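Working notes, beginning with the structure itself.
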Amino acid sequence: MSLHAWLIYLVAAIGLSLTPGPNSLLVLTHGALHGHRRTLFTVAGGALGFTALIALSMVGIGALLQASAQALTVLKLVGGAYLVWLGIQLWRSPPVLLQAAPGSTDARGRTLFRQGLLTAMSNPKALLFYGAFLPQFIDLQRPLLPQFVVMTATFVVVEWFVEWGLALLAHRVRPWLQRVGRGFNRACGGLFVGMGCALPLTR
C-alpha cells in the first residue's frame, strides 16, 4: 500500500468510525454510566472484536484473489454498490435512541470488555462491510499480507481513539446526537454513498 493510498484509507477509516454503530452507541452509554476510565474495557473488547472480523474478511478476500486476479475489480464494484446501499439505508434511518444495554449497570471490567467484544462480533453486517470496504485499497502489485496488517492496525487504532473520545465526551455527545440525530445520519449516509461511488474508480 502506497503512502497516498494509506492516507486516503486513513481519512475514510476516520469517517467510518464516526458513523453511528452498535459499538459506538454502547461506548456512549457506558461512558455516561461508568465514566471514561471504566469504558476503556468496553473499547478494548470492541477493538478485539473488530480485529477478528477484519481478519476473517481478509482471509476470504485473500482466497478469492488467489483464485482470480480479476476478482479484485469485481470486489471493488460490488463493494462500492454495497456501500452506496448502506449509505441510502443510513440516510433514511430515524435518529438513534441511546438506551442502557442489558447488564450495563454492572461496571466490572470483564463485563464491560465482554459486552464490547460481543457487540462487535455479533454484527454479521460487519463482515459484509469490511469485505466491501477493504478491497478498495488493495494493490495487487504488492504483497497482500503486509497490506492486510497495515489496514487492520490502522482501522483498529482509529476506532480505539474515536470510541475513547466518545467515552470522554459521552455526557455532551449523547444529548447532541439525539437532538440532531437525523441530520447526522444523513451526513454519514452521504459519506457512504460518496465512498461507494468514488473508491471503485480510484487507481
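Read-outs throughout are calculated quantities, based only on the coordinates presented, and are distinct from any laboratory measurement. Quick caveat, the model's predicted, so the values are computed rather than measured.
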Q: For residue 36, enumerate residues with amide H under 5 Å from its amide H, sequence gap 5+ or separate chain, H modeled in the peptide plane.
A: none
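Full extension from residue 73 to residue 122: what is 0.36 nm times the residue separation minus their Cα-Cα distance, to one decimal in nm?
Taking residue 73 through residue 122 to full extension adds about 14.7 nm, to one decimal.
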**Q.** Gained length - residue 89 relative to residue 172, 0.36 nm times residue gap less alpha-carbon distance
**A.** 27.2 nm
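What is the gain in length, in nm to one decimal, between residue 51 and residue 145 on full extension, counting 0.36 nm per residue of separation less the C-alpha to C-alpha distance?
Value of the extension gain: 32.4 nm.
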Q) Using only the Cα atoms, what convex hull volume per residue in Å³ does the range 1-82 have? A) 118 Å³
